[in-house]
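Scroll down for the structure; my scribbles are underneath it.
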Amino acid sequence: MLRAEHIEKSYNGTQVLKDVSLNIKQGEKVVIIGPSGSGKSTLLRSISGLEKADAGSVSYKGVPIREKGAYDRTEIGMIFQSFDLFEHLTALENIMLAPVLVHKENKERAKEKAMELLEIVHLSERADYYPQELSGGQQQRIAIARALAMNPKLMFFDEPTSALDPEMTVEVLDIVVELVKGGMTVVIVTHEMEFARRVGDRVVFMDQGTIISDMPAERLTMSAAENPRIKQFLSQLGQYN
Ligand SMILES: Nc1ncnc2c1ncn2[C@@H]1O[C@H](COP(=O)(O)OP(=O)(O)O)[C@@H](O)[C@H]1O
Ligand SMILES: [Mg+2]
């Protein structure tokens, strides 16, 4: 579905991604882990088409991702740590906005669909609330509903729960679990190891701008035993969690 090959990226002369290749198959759930600053967010931005890599190629369903108009950009959804909802719009309006503006959907239809999505993220009763009237976890669930409104086929999540306390983290991860059960292809950067093992088909470990391990999720514990860098990373998480 998505094929990234030999991606390189530097900022101000510092190389942040070094020859990174990653393939994502339709329906696959890929979890990316690794220390802060290892290049995870840069990789997501580079392979989702948000940012241009310095070298290498990315294709989505066989089409180069930088080719304008060659594929439907809205098929790729992205969720960030900061929810970035439009503050002056209600939850419902946030979800309806892009379908109406970008997909030129009829307002009534867009509203109907937004209400269905609110149900999926268990926030039907908050349709008319503004972002600042919602908890962080609720805002993130609205952000997920907003992304889903564009009918994405592939979704990237960049530490969707890092800004949330444990209770809200569970609320948001439960939604991701439901999406995954529905067959959505997802790539998710997370420090939630229990979640990674539960939903991931593959766990990709990044360190200093390279992928140092790409393994089936069930091998994570074993890999930690074999690889000192993974072991160190996981034990640090244990300390901090
Ligand atoms: N827009 C940017 N401009 C300059 N440096 C950046 C930018 N984005 C990321 N970096 C640097 O690239 C490195 C990798 O960052 P990032 O991809 O955010 O790592 P991670 O998501 O794994 O924490 C860091 O050293 C960071 O400071
Ligand atoms: Mg990051």
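The values are calculated or read from the model by the stated rules, or taken from the named source; none is laboratory data. Since the model is a prediction, treat every value here as computed from it, not as a measurement. Positions of Cβ are generated from backbone atoms using ideal geometry, with glycine treated the same way; all protein chains shown enter the neighbour counts. Accessible surface is based on the protein model in full, side chains and every heavy atom, while ligands, DNA and RNA are left aside. Shrake-Rupley method; radii C 1.70, N 1.55, O 1.52, S 1.80 Å.
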* When you go through ASP72, ASP19, ASP54 one by one, which is the residue that is more than 16 Å from ligand 1 (Cβ to nearest atom) and over 16 Å from the mean Cα position of the chain (by Cα)? -> ASP72
* Structure fact -> Residue count, segment 200-239, condition out of contact with any strand residue (DSSP E or B) (no Cβ under 6 Å at 6 or more places or on another chain) and either part of a helix (DSSP H, G or I) or open to solvent by 80 Å² or more (accessible area, probe 1.4 Å) (or both), comes to 18
* Could you run through segment 35-89 and say how many residues are within 14 Å of ligand 2 (Cβ to nearest atom) and aromatic (Phe, Trp, Tyr)? => 1
* Mind listing whichever residues of segment 29-38 are near ligand 1 (Cβ under 8 Å from one of its atoms), in contact (Cβ under 8 Å) with a residue 40 or more places away in the chain and open to solvent by 10 Å² or more (accessible area, probe 1.4 Å)? => PRO35
* Asked: What pairs can you find where one residue is in segment 70-89 and free of Cβ contacts under 8 Å to residues at least 12 places away in the same chain, the other is part of a loop (DSSP other than H, G, I, E, B), and their Cβ atoms are less than 7 Å apart, with a gap of 6+ or different chains?
  -> TYR71/LYS61
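Answer yes or no as to whether SER59 is modelled with pLDDT under 95, open to solvent by less than 70 Å² (accessible area, probe 1.4 Å) and assigned to a helix (DSSP H, G or I).
Values: modelled with pLDDT under 95: yes; open to solvent by less than 70 Å² (accessible area, probe 1.4 Å): yes; assigned to a helix (DSSP H, G or I): no.
Here the answer is no, as SER59 does not meet what is asked.
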* Structure fact -> Reported set for segment 19-48 where residues are in a loop (DSSP other than H, G, I, E, B) and in contact with a helix residue (DSSP H, G or I) (Cβ under 7 Å, 6 or more places away or on another chain) is GLY34, PRO35
* **Among residues of segment 167-197, those that are in contact (Cβ under 8 Å) with a residue 40 or more places away in the chain and touching a Phe, Trp or Tyr at 6+ places or on another chain (Cβ under 9 Å), counted** => 6
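Here's the yes/no breakdown for (1) open to solvent by 10 Å² or more (accessible area, probe 1.4 Å); (2) at pLDDT below 95; (3) within 16 Å of ligand 1 (Cβ to nearest atom):
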| residue | (1), (2), (3) |
| --- | --- |
| ASP128 | yes, no, no |
| PRO131 | no, no, no |
| LEU134 | yes, no, no |
| ARG146 | yes, no, no |
| PHE156 | no, no, yes |
| GLU167 | yes, yes, no |
| ASP174 | yes, yes, no |
| ARG198 | yes, yes, no |
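Considering only helices (runs of 4 or more DSSP H) fully contained in segment 80-195, which possess at least 2 residues that are within 30 Å of MET206 (Cβ to Cβ)? Even if it seems obvious, please write down each step before you answer.
Working: elements: 91-101, 107-120, 136-148, 166-181.
Result: 136-148, 166-181.
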* Asked: Residues of segment 75-89 being away from ligand 1 (no atom under 14 Å from the Cβ), open to solvent by 40 Å² or more (accessible area, probe 1.4 Å) and modelled with pLDDT under 90, which ones?
  -> ASP84
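Which count do you get for residues in segment 90-123 that are open to solvent by 40 Å² or more (accessible area, probe 1.4 Å) and within 19 Å of VAL170 (Cα to Cα)? Outline the logic, then answer.
The first filter runs over segment 90-123 and keeps only residues open to solvent by 40 Å² or more (accessible area, probe 1.4 Å), leaving 93, 97, 101-109, 111-112, 115-116, 119-120, 122.
Remaining after also requiring within 19 Å of VAL170 (Cα to Cα): 119-120, 122.
Residues that pass the stated criteria total 3.
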